[in-house]
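Since every read-out is calculated from the coordinates, none of them should be taken as a lab result. Please read all numbers here as calculations on a predicted model, not as lab measurements. Neighbour counts run over all protein chains shown; Cβ positions are idealised from the backbone, glycine included.
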2 protein chains.
Amino acid sequence: MTTLAIVGATGAVGSVMIDIIDARESVPWSEIRLIASPRSAGKRLKVRGEEIEVVALSPEAFDGVDIAMFDVPDAVSAEWAPVAVSRGAIAVDNSGAFRMDPEVPLVVPEVNADQAHERPKGIVSNPNCTTLSMMAALGALHRAFGLRELVVASYQAASGAGQEGIDRLQAELAAVAGKGVGHRRGDVAEVIAAAGLPDESPFPAPLAMNVVPFAGSVRDGGWTSEELKVRNESRKILGLPDLKVSATCVRVPVVTTHSLSVHATFDREVDVATAQQLFAAQPSIVLVDEPEAKRFPTPADVVGEDPTYVGRIRQALDFPNTLDFFVCGDNLRKGAALNTYEIAEELVRS
Amino acid sequence: MTTLAIVGATGAVGSVMIDIIDARESVPWSEIRLIASPRSAGKRLKVRGEEIEVVALSPEAFDGVDIAMFDVPDAVSAEWAPVAVSRGAIAVDNSGAFRMDPEVPLVVPEVNADQAHERPKGIVSNPNCTTLSMMAALGALHRAFGLRELVVASYQAASGAGQEGIDRLQAELAAVAGKGVGHRRGDVAEVIAAAGLPDESPFPAPLAMNVVPFAGSVRDGGWTSEELKVRNESRKILGLPDLKVSATCVRVPVVTTHSLSVHATFDREVDVATAQQLFAAQPSIVLVDEPEAKRFPTPADVVGEDPTYVGRIRQALDFPNTLDFFVCGDNLRKGAALNTYEIAEELVRS
């Protein structure tokens with residue numbers, strides 16, 4: 001008898017968690033409990049054909065829960081994950097609240113599943129979606145070749161900023177389409193303003209017909225929080241505290257699925273054919289790498305899919321032991337809901 | 001008495017060449033001749049307030065021409081630039097036909113203006129637009145610190161594929177806007193097809209609500225022609241035949257202005273403040289680097305502008321002597337028409 005709770009069940013990631021549970025052939029849960037803020041309590045959502053009433057977040061809501069998956073803002077996780085633990089649950093948290101806590105493992109099951117079982121605080125963290133999008137691929141390469149250096153540029157989707165981000169991008173696209181803009185400095189912003197969209201946006205610049213080299217908040221040295229997450233979380237997941245990382249995180253006008261251009265340097269000799277074999281052998285990766293046939297991953301082909309798609313694999317011409325490649329992963333699935341759920345499955349399996 | 005010819009005067013880049021000439025306070029040309037394919041001959045275009053009739057490409061069209069700027073397909077340049085030279089003109093060519101020819105200089109005036117004057121074939125080449133977008137910035141840094149390694153990821157605009165590319169992106173955006181797509185694998189492509197857009201596209205995948213990690217054609221080792229241009233042209237312009245370069249070129253749904261995420265390693269110590277000073281001191285660069293105030297370059301703020309915009313300058317945390325930064329340049333202006341015209345100005349000045 002095992003009870004799984006979804007905290008934040010009515011959010012964008014919570015909905016995908018339910019989709020994933022619905023799509024599983026069988027689940028190990030005897031009960032699934034849906035928890036959300038008081039304003040969503042009372043809603044009824046269908047899970048595996050059964051209507052379940054959403055209950056309000058409270059200490060009692062965790063009574064009898066074995067595993068509680070959290071997708072809520074950092075401050076809510078910081079407060080409530082320990083409450084869930086105090087009521088006897090293991091918390092699997094997708095916020096940034098605990099990721100770099102040395103007493104909380106940061107887990108990608110294909111890479112470091114064993115660490116999910118050492119959790120002094122009763123909490124397991126799920127990585128940031130940008131880091132996660134490349135982690136299955138990097139984990140496979142690291143095991144074979146020994147990762148040393150990483151230079152990454154991201155092409156991040158609007159849904160990384162939640163439902164608000166999706167809504168804003170769709171509204172901006174509706175405002176600019178058919179207007180013949182994009183030819184003059186500022187004309188995109190003018191048309192968006194003229195369409196009556198509020199100045200307040202989840203993005204610091206127009207995202208339709210644009211790219212925005214800024215995600216998160218700014219930290220020391222001009223690095224963004226998102227770029228530092230890619231560095232620090234990659235190091236922790238791979239167990240490489242000295243891994244060299246430079247990441248530049250850029251938002252693009254895509255609804256869902258993050259893409260990354262990765263330049264990865266290894267301790268040992270690498271070649272494209274071996275990398276392709278490693279990727280093809282891993283169930284959570286789909287290899288799409290036939291550039292002659294114009295076949296490579298794009299976010300529009302990956303959205304809604306569980307696996308990470310990898311392609312454009314090239315041996316660096318001038319850097320020893322180095323591969324360049326392009327990876328696409330659905331930031332709401334493997335980047336959030338799916339990996340969190342896979343951690344929960346790992347916990348119940350053992 | 002100096003005559004300037006524009007070959008390809010009716011194309012997307014040719015039109016911008018005329019805009020640039022119109023915007024100059026004064027020009028050194030006593031005559032401007034407009035040359036295009038026979039099907040455009042007879043059209044009348046205004047240049048600096050004067051109507052000029054477009055003449056058909058022929059050997060005689062170059063008689064009396066001192067400098068002929070070419071923006072035509074590679075094969076047309078390969079055939080006709082030598083004809084222009086045989087008629088006494090200097091050809092300044094924006095195609096790929098001569099860029100890597102050791103007897104043809106590849107010139108960015110801020111970086112290697114002197115080389116425009118050593119031209120055994122009478123031809124000067126203008127670099128590829130992607131390379132050009134970062135060259136003013138890299139040239140300034142190279143002079144100060146000595147460039148050694150370059151890892152680049154691009155965010156390239158649709159107009160890099162010409163007017164056809166612009167038209168396709170605008171049509172795709174009109175097809176997808178307001179349709180609520182982008183949530184399911186393939187739904188963007190379905191809506192584009194349902195709107196009646198032809199399967200044939202200048203891009204190998206939908207570009208609206210997507211990013212496409214492929215530009216040009218595929219070459220050895222899975223590298224694209226565009227990616228190899230960035231490597232080989234950067235080496236030639238900077239006079240660094242052993243410069244280490246890895247580039248990944250990705251098309252994004254932006255009409256005009258290429259952006260690049262650049263990770264550059266130097267021989268000597270670098271710091272952000274000095275780099276900012278170097279950029280601020282160069283007339284062809286605009287520094288926009290106040291991330292705390294959410295000020296950084298985006299293509300929507302740079303389109304139609306002559307200078308290259310640079311921001312998000314960060315000292316790499318783990319790589320010695322290395323800067324990461326983001327640069328935006330209008331691919332039709334500095335990336336094509338403007339640099340070509342600046343070469344012509346350099347030639348007439350001396």
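Every condition in (1) of a type outside the set (Asp, Glu); (2) more than 14 Å from every other protein chain (Cβ to nearest Cβ); (3) under 23 Å from B:Val191 (Cα atoms) is met by A:Gln277 except one, and the failing one is (3). Quick check: anything in segment B:102-116 out of contact with any Ser or Thr (no Cβ under 8 Å at 6 or more places or on another chain) and part of a strand (DSSP E or B)? Taking every residue of segment B:102-116 in turn, none turns out to be out of contact with any Ser or Thr (no Cβ under 8 Å at 6 or more places or on another chain) and part of a strand (DSSP E or B).
Highlighted here are the strands (runs of 3 or more DSSP E) found entirely within segment B:16-92 that include at least 3 residues which are of a type outside the set (Phe, Trp, Tyr), surrounded by fewer than 20 Cβ atoms within 10 Å (Cβ to Cβ) and more than 23 Å from the chain's Cα centre (by Cα): B:44-47, B:50-53. Annotation for segment A:93-111: at least one member residue is touching a helix residue (DSSP H, G or I) at 6+ places or on another chain (Cβ under 7 Å), under 14 Å from A:Val7 (Cβ atoms) and of a type in the set (Asp, Glu). Condition check for A:Val272 on (1) aliphatic (A, V, I, L, M); (2) facing chain B (nearest Cβ under 8 Å); (3) within 21 Å of the chain's Cα centre (by Cα); (4) surrounded by fewer than 20 Cβ atoms within 10 Å (Cβ to Cβ): one failure, at (3). For segment B:238-252, check the following and say yes or no: at least one residue is facing another protein chain (nearest Cβ under 8 Å), on the phi > 0 side of the Ramachandran plot and in contact with a Pro (Cβ under 8 Å, 6 or more places away or on another chain). Within segment B:238-252, not a single residue is facing another protein chain (nearest Cβ under 8 Å), on the phi > 0 side of the Ramachandran plot and in contact with a Pro (Cβ under 8 Å, 6 or more places away or on another chain). Under the condition of being touching a Pro at 6+ places or on another chain (Cβ under 7 Å) and acidic (Asp, Glu), which residue from segment A:161-202 is surrounded by the most Cβ atoms within 10 Å (Cβ to Cβ)? By that ranking, first place goes to A:Glu172. Determine, yes or no, whether B:Thr322 is in contact (Cβ under 8 Å) with a residue 12 or more places away in the chain, more than 9 Å from every other protein chain (Cβ to nearest Cβ), crowded, with 18+ Cβ neighbours inside 10 Å and in contact with a strand residue (DSSP E or B) (Cβ under 7 Å, 6 or more places away or on another chain). It is false that B:Thr322 is in contact (Cβ under 8 Å) with a residue 12 or more places away in the chain, more than 9 Å from every other protein chain (Cβ to nearest Cβ), crowded, with 18+ Cβ neighbours inside 10 Å and in contact with a strand residue (DSSP E or B) (Cβ under 7 Å, 6 or more places away or on another chain).
A Cβ distance below 8 Å, combined with a sequence gap of six or more or placement on separate chains, defines the contacts here; from segment B:256-274, residues that are farther than 20 Å from B:Cys328 by Cα reach residues that are assigned to a strand (DSSP E or B) and basic (Lys, Arg) in the pairs B:Phe266/B:Arg148; B:Asp267/B:Arg148. Consider segment A:303-313 and keep the residues that are surrounded by 24 or more Cβ atoms within 10 Å (Cβ to Cβ) and within 7 Å of chain B (Cβ to nearest Cβ). The one that is nearest to A:Tyr155 (Cα to Cα) is A:Val303. Set side by side, the residues B:Arg148, B:Arg143, B:Arg119 differ, and just one is touching a strand residue (DSSP E or B) at 6+ places or on another chain (Cβ under 6 Å) and within 29 Å of B:Lys236 (Cβ to Cβ), which is B:Arg148.
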